[in-house]
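What follows is a single structure, written as structure tokens, with notes after it.
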Amino acid sequence: MHDFQFKDAELFAEKIPVRKIIEEVGTPFYLYSANTISNHFKAFDSAFEKVPHTVCFAAKSCSNIAILRLLAGLGAGMDIVSGGELHRALLAGVDPGKIVYAGVGKTKEEIKYALETGIMMFNVESTQELFAIDEAAEDLGKKARVSLRVNPDVDPKTHPYISTGLKQNKFGINIDDAFEEYKLAKGLENIEVVGIQKHIGSQITQISPFVDALEKVVNLANRLRDEAGINIQYLDIGGGLGITYKDESPPHPRELAAAIVPMLEKTGYTIVFEPGRLIMGNAGVLVAKVLYTKVNEGKNFVIVDAGMNDLVRPSLYGSYQEIIPVVKKNGKPKIVADIVGPICESGDFLAKDRTLPTFEQGDFLAVMSAGAYGFSMSSNYNSRPRVAEVLVKGDEFHVIRRRESYEDLVRGEEIPAFLK
Ligand SMILES: *Cc1c(COP(=O)(O)O)cnc(C)c1O
């Protein structure tokens, strides 16, 4: 459920007509609902109340510091994948003791930054990384808390670009090698082994991949305890629970909990979760304006002021995003059209062959389910300033990131003396 609903013909975000925000902010912009974000977080958090746990929001899904602040205020930790995300989390006031750090390519500088910050743990993805963390910790005279990210070789049955837990993926340490790897980690002077982590992919709409992966990871934890005397504290089971974009019916967090809490309870570990999409996906929309319409070779095109640089998911994954008018007009015939952006690429589309009410020049539309992997994946391609982000709470709204200017676009660029 979300808080973008029609009242009569008008789309509202919580208690504010979207049209009103358009008048003040201009288009395009991302629009998030604080109430939806809170509800999603609480639904997830409370589903697992029977086990000691921390919900670490996957910051990469939507990393605006206002969003991170909102979630931190609800008790969330963060799952980060870069030094930049750590910087954001700290600015937002996230408790460092609730930050987990994943990613296959952490640099020495990033590792030191995280050690100085005192994060909960690194989720380590390779042997060389483990050595790098050990060295960095030695340099700083600290002990690094780590868990190893294991790759359980389970098919999450999702898009190949967002599958991460298969043997052939770049992520984690093969589960068959993990036991030896843990023994190695235990022997390192500046490393404290505190957990096991897995994350098998994103937009997962079935329960069985979670159960299968968890079984393997719990078995490994038991073996570590029984055969190597390695007692872990944290079992980090990643994120990945899917949402409804079109007609998917992913399990509710309660259903996932019903399947896995019995397995988790028995372990006695503190469970770490890393949901991103589930919290943010349906809590945000992208609002755009129709610039032009045209017909080429009998095909209808609706050209809008937001493109693949603003929302790349349809181009990158061929993903479906629902498109609705901001103001419904009566009696408009439906047409089949492509909704396209201004970018000079044929791959620049938000929807293809979509049956929609006729849009006219000057109309506004909302691209639904754009809160996760929307703004955070946006770019300046075609030298387009990145769009504004707006957060609504009840009958208030605030621009939480102003629209970039042309000045912002060239910030940091310089013409060298030899060209002057
Ligand atoms: C991306 C990512 C997540 C979040 O995935 P969602 O599908 O958005 O829940 C969690 N953990 C790790 C390690 C990730 O890379």
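Quick look at the values:
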| quantity | calculated |
| --- | --- |
| Test: residue in the stretch 73-88 that is modelled with pLDDT of 95 or more, closer than 21 Å to VAL194 by Cα, within 15 Å of the ligand (Cβ to nearest atom) and among the acidic types (Asp, Glu) | yes |
| Odd one out for THR107, checked against (1) polar (S, T, N, Q); (2) under 17 Å from the mean Cα position of the chain (by Cα); (3) open to solvent by 50 Å² or more (accessible area, probe 1.4 Å) | (2) |
| Residue that is most open to solvent (accessible area, probe 1.4 Å) [pool: residues in the stretch 116-158 that are of a type outside the set (A, V, I, L, M, F, W, C) and assigned to a strand (DSSP E or B)] | ARG145 |
| Selection count, the stretch 58-107, where residues are part of a helix (DSSP H, G or I), touching an Asp or Glu at 6+ places or on another chain (Cβ under 8 Å) and under 22 Å from VAL146 (Cβ atoms) | 4 |
| Residue under evaluation ALA185, criteria (1) farther than 27 Å from LYS142 by Cβ; (2) in a helix (DSSP H, G or I); (3) more than 16 Å from the ligand (Cβ to nearest atom), criterion not met | (1) |
| Criterion: outside the structural domain of GLN203 (by TED's automatic domain parsing), open to solvent by 10 Å² or more (accessible area, probe 1.4 Å) and closer than 30 Å to PRO253 by Cα - qualifying residue of VAL312, VAL327, VAL340 | VAL312 |
| Matching residues in the stretch 89-128 - criterion: being of a type in the set (A, V, I, L, M), within 16 Å of the ligand (Cβ to nearest atom) and touching a strand residue (DSSP E or B) at 6+ places or on another chain (Cβ under 8 Å) | ALA89, VAL94, ILE99, VAL100, ALA102, ALA114, ILE119, MET120, MET121, VAL124 |
| Any hit, the stretch 369-379, residues being within 16 Å of the ligand (Cβ to nearest atom) and either outside the structural domain of LYS328 (by TED's automatic domain parsing) or among the aromatic types (Phe, Trp, Tyr) (or both) | yes |
| Pick from the stretch 159-174, criterion open to solvent by less than 30 Å² (accessible area, probe 1.4 Å) and at negative phi, ranking: nearest to the chain's Cα centre (by Cα) | ILE162 |
| Breaking point among (1) farther than 20 Å from LYS198 by Cα; (2) within 16 Å of the ligand (Cβ to nearest atom); (3) among the hydrophobic types (A, V, I, L, M, F, W, C), for VAL154 | (1) |
| Hits in the stretch 321-354 - residues which are more than 12 Å from PHE301 (Cβ to Cβ), under 30 Å from the mean Cα position of the chain (by Cα) and modelled with pLDDT under 95 | CYS344, GLU345, GLY347 |
| Enumeration of residues in the stretch 20-72 that are more than 29 Å from LEU291 (Cβ to Cβ) and open to solvent by 40 Å² or more (accessible area, probe 1.4 Å) | ASN35, ASN39, LYS42, ASP45, SER46, GLU49, LYS50, PRO52, HIS53, LYS60, ILE65, ARG69 |
| Hey, TYR30 in a strand (DSSP E or B) and more than 12 Å from the ligand (Cβ to nearest atom) or not | yes |
| Matching entry among GLU265, GLU248 (being open to solvent by 50 Å² or more (accessible area, probe 1.4 Å), closer than 18 Å to PRO209 by Cβ and charged (D, E, K, R)) | GLU248 |
| Residues satisfying the stated conditions in the stretch 181-218, i.e. open to solvent by 10 Å² or more (accessible area, probe 1.4 Å), among the basic types (Lys, Arg) and in contact with a Pro (Cβ under 7 Å, 6 or more places away or on another chain) | LYS216 |
| Residue in the stretch 129-148 that is touching a Ser or Thr at 6+ places or on another chain (Cβ under 9 Å), touching a residue at least 24 places away in the same chain (Cβ under 8 Å) and within 14 Å of the ligand (Cβ to nearest atom) present | no |
| Of the criteria (1) surrounded by fewer than 20 Cβ atoms within 10 Å (Cβ to Cβ); (2) assigned to a helix (DSSP H, G or I), which one ALA178 fails | (1) |
| Residue match in the stretch 12-31 (condition: of a type in the set (Phe, Trp, Tyr), within 30 Å of ASP363 (Cβ to Cβ) and out of contact with any Asp or Glu (no Cβ under 7 Å at 6 or more places or on another chain)) | yes |
| Residues of the stretch 116-158 satisfying the condition of being among the small types (Gly, Ala, Ser) and at negative phi | SER126, ALA132, ALA136, ALA137, ALA144, SER147 |
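For every residue, the table says whether it meets (1) within 15 Å of the ligand (Cβ to nearest atom); (2) not in a loop (DSSP other than H, G, I, E, B).
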{"position": "VAL193", "(1), (2)": "no, yes"}
{"position": "ALA213", "(1), (2)": "yes, yes"}
{"position": "VAL218", "(1), (2)": "no, yes"}
{"position": "ARG225", "(1), (2)": "no, yes"}
{"position": "ILE230", "(1), (2)": "no, no"}
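The values are calculated or read from the model by the stated rules, or taken from the named source; none is laboratory data. On a predicted model such as this, the values are computed, not experimentally measured, just so you know. Please note: Cβ atoms are built from the backbone with ideal geometry, for glycine as well, and neighbour counts cover all protein chains shown. Surface accessibility is based on the protein's heavy atoms, side chains included, excluding ligands, DNA and RNA. Shrake-Rupley method; radii C 1.70, N 1.55, O 1.52, S 1.80 Å.
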